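The values are calculated or read from the model by the stated rules, or taken from the named source; none is laboratory data. Just so it is clear, the model here is predicted, and its values are computed rather than measured. Counting neighbours? That spans all protein chains shown, and the Cβs are built from the backbone with ideal geometry, glycine included. For the accessible areas, the whole protein counts, side chains as well, though only heavy atoms, and no ligand, DNA or RNA atoms are used. Shrake-Rupley method; radii C 1.70, N 1.55, O 1.52, S 1.80 Å.
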Amino acid sequence: MAIPDLLWACPVCALDRGLRASGDATCSGCGTRFDRVHGARIRATGRGGEERVRTAAEWVDDLPDPASLIGARDPFREASVVASFVEGEQVIRFEGRYVNRIEKFGAKQRGRLALGPERLTYAPEGPGTLSWAFGDLRAVQASSRTLQIRGGAHPLVSFAFLDDSSYLWDRLLAAALATFYRRSGRGEIVELQPRIVTR
């Protein structure tokens, strides 16, 4: 996972989106530069040259809780994304033998993704808007650079974030879904993928 995906806010000055998804991992607020060093450790170098090396988990612990971003405003958060919808399946064979099937994604489309108190909305650069009510979502899965969702009348879709962190969106959507499920009496979510499961 790229450092700006992991550190969705600057752990030194707390600037939200301080480390931009494009470019190097330097905070646009305080100027602290983050880079990987041996193992899974990350070094922060301040403007004055002072250095601090910590594990990725220790840096993440200094970030605000994503649930704190859930507030009264609607939407809670928006981001520029590239969306790709599943259009079918592709058979995988090895030496002529069937191995598995994988999803076949269609053309990529730029747009804006918005997360509100009860739904996720995608507005492509062209016409039309797609929306997923939280009660219709069936699965949420994150990778190092994308967030995939399944549910409602729409096929599985993968969102790649252009100006925000897929890690944050995964945590933020999980927190928003947990709040929605509790409030609507659907129980506590214990799993989000391969499908949403409650207890």
- request: Return yes when residue 141 is part of a strand (DSSP E or B), open to solvent by 70 Å² or more (accessible area, probe 1.4 Å) and within 30 Å of residue 18 (Cβ to Cβ) and no when it is not.
  value: yes
- request: Quick one: count up the residues across the stretch 181-199 that are open to solvent by less than 50 Å² (accessible area, probe 1.4 Å) and either closer than 21 Å to residue 79 by Cα or of a type in the set (Ser, Thr, Tyr) (or both).
  value: 1
- request: Could you tell me whether the stretch 164-174 includes any residue that is out of contact with any helix residue (DSSP H, G or I) (no Cβ under 8 Å at 6 or more places or on another chain) and outside any helix (DSSP H, G or I)?
  value: yes
query: Does residue 111 satisfy the condition of being assigned to a strand (DSSP E or B), of a type outside the set (A, V, I, L, M), open to solvent by less than 80 Å² (accessible area, probe 1.4 Å) and modelled with pLDDT of 95 or more?
result: yes
- prompt: Do you know which residues across the stretch 1-53 are in a strand (DSSP E or B) and not basic (Lys, Arg)?
  reply: 9, 16, 26, 34, 35, 42, 44, 45, 51, 53
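Looking only at the stretch 54-61, decide whether some residue is small (Gly, Ala, Ser), surrounded by 15 or more Cβ atoms within 10 Å (Cβ to Cβ), in a helix (DSSP H, G or I) and in contact with a strand residue (DSSP E or B) (Cβ under 9 Å, 6 or more places away or on another chain).
Keep residues of the stretch 54-61 that are small (Gly, Ala, Ser), which gives 56-57.
Filter once more, so that each one left must be surrounded by 15 or more Cβ atoms within 10 Å (Cβ to Cβ): 56.
Pick out the ones that are also in a helix (DSSP H, G or I) and you get 56.
Narrowing further to those that are in contact with a strand residue (DSSP E or B) (Cβ under 9 Å, 6 or more places away or on another chain): 56.
Among the residues of the stretch 54-61, at least one is small (Gly, Ala, Ser), surrounded by 15 or more Cβ atoms within 10 Å (Cβ to Cβ), in a helix (DSSP H, G or I) and in contact with a strand residue (DSSP E or B) (Cβ under 9 Å, 6 or more places away or on another chain), which makes the answer yes.
Can residue 103 be described as under 26 Å from residue 168 (Cβ atoms) and under 17 Å from the mean Cα position of the chain (by Cα)?
No; evaluated as a whole, the condition is false for this residue.
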